[in-house]
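As structure tokens, the structure follows; a few thoughts come after it.
The values are calculated or read from the model by the stated rules, or taken from the named source; none is laboratory data. The structure displayed is predicted, hence computed values, not measured ones. Neighbour counts are summed over all protein chains in view; Cβ atoms, including those assigned to glycine, are modelled from backbone coordinates with ideal geometry. Accessible surface areas use protein heavy atoms only, side chains included; no ligands, DNA or RNA. Shrake-Rupley method; radii C 1.70, N 1.55, O 1.52, S 1.80 Å.
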Amino acid sequence: MTNRVIHTENLTKFYGKHRGLIDLNFEVRAGEVVGYLGPNGSGKSTTIRLLLDFIRPTKGRAEVFGMDVRAYSVDIRRRVGYLPGELVLYENLTGREMLVHLASLRGGVDWKYAEALAERLELDLSRSIKTLSKGNKQKVGLVQAFMHQPELLLLDEPTSGLDPLMQQEFYLMAREATAEGRTVFLSSHVLAEVERIADRVGIIREGKLVLEEEVATLKAKALRQLEMHFATSVPAEAFTGLPGVRDIRVENGIVHCTIEGSVDALVKAAAQFEVVNITSHEPDLEEIFLAYYTECDNHAE
């Protein structure tokens, strides 16, 4: 995965005096799913709109497929599937009529594939869009983004309004796309969603990218809570000063501690005694995200 699909250099957008995005330097490589995380208003949608040249940057630049987004916006859009965060559809058309219209604008698509996507998402294409729920309108948006099998999918809050079963189907669709060498860049404030399908994550806060990391690496670096049960009482000193180990508490043959990184030193120290059981609480991405934001707030103070 060395091919660079998205590349930004100091990409910045202000709306008058209001911040949109500040000095974004970011890359997305071919064949990966990248989750772009942040609360509402943090700059996620602004980033995607800049990549598609729907809005122009205050300063900085961006490339998609190695092409400048301003100079080659039409060429880029032909190769991209886009789902906006605020989806607007022609209310008087049926789902099928809407998709046929969008397909014709693209010069045609494999209609059997489009219908198969609708079937997977349990979307009734014969119904008028104005009669559809928010979730079913979102399905129309997903089908139009995927139906031409684009090289890059730019998806802004893709599972908004979907029930859990349809969310699972979307995850499968995204993973199938990357298995074929295509790339998915999705913005979300749903942390469990990003953890489930993303290879890498960027966390954006108040227009600034504050963290960029592989999900597996991020979780490996995170603090874990360990509880070790021993057959007899053990001295706290045996576990003091070990690399990455902190908050040690020993009571009734049970060692409670927090660990960051490798557990090798801790395991070797525990091996001096008879270990009955070890319980580890693995952090999820939400805990990491909230811990990181809390840390940022503490530094700001």
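Give me the accessible area per residue for the range 118-175, probe 1.4 Å, as a whole number in Å².
39
Considering every pair of different Cα atoms, what Kirkwood radius, in Å, is found for the range 98-137?
11.0
Can you give the percent of C-alpha pairs in the chain whose distance is more than 28 Å?
Roughly 49 percent, once rounded to a whole number.
Would you mind telling me the share, in percent, of accessible area of the chain contributed by carbon and sulfur at probe 1.4 angstrom?
Ligands and nucleic acids excluded, carbon and sulfur give 50 percent.
Pairs of alpha-carbon atoms within less than 8 angstrom and 6+ residues apart define the contacts here; what relative contact order does the range 29-111 have, in percent?
16
Using 0.36 nm times the number of residues separating LYS130 and LEU172, minus their current alpha carbon distance, what extension gain do you get?
Between LYS130 and LEU172, full extension yields 12.3 nm more.
Relative contact order (percent) for the range 121-184, with alpha-carbon contacts under 8 angstrom and 6 or more residues of separation?
RCO, the range 121-184: 36 percent.
Here are some pairs, LYS13/LYS44; LYS13/LYS139; LYS134/LYS208; which of them have Cα atoms lying more than 23 Å apart in this structure?
LYS13/LYS139; LYS134/LYS208
Separation between the GLU180 and SER262 pseudo-spin-labels, each 7 Å from Cα along Cα→Cβ, expressed in nm?
4.2
Could you list the square roots of 5 times each eigenvalue of the Cα gyration tensor of the range 41-167, that is, the equivalent ellipsoid semi-axes, sorted largest first and rounded to whole Å?
27, 17, 13
Quote to one decimal, in nm, the extra length available between ALA238 and LEU89 on full extension: 0.36 nm per residue of separation minus the C-alpha distance between them.
Contour length minus the Cα-Cα distance gives 47.1 nm.
Averaging sequence separations of C-alpha pairs under 8 Å and six or more residues apart, then dividing by the length of the range 89-198, give the relative contact order as a whole percent.
26
Short version: ³J(HN,Hα) in whole Hz for each residue of the range 145-150, in order, from phi by Karplus 6.51 cos²θ - 1.76 cosθ + 1.60 (θ = phi - 60°), x for Gly and Pro, what are they?
6, 8, 5, 9, 6, x
What whole-number distance in Å separates the alpha-carbon centres of the range 174-220 and the range 1-68?
14
Quick one: what are the phi-derived ³J(HN,Hα) couplings along the range 110-124, Karplus 6.51/-1.76/1.60 with θ = phi - 60°, whole Hz, x for glycine and proline?
Residue by residue, the range 110-124 yields 6, 5, 4, 5, 4, 5, 5, 5, 4, 5, 4, 8, 6, 9, 7 Hz.
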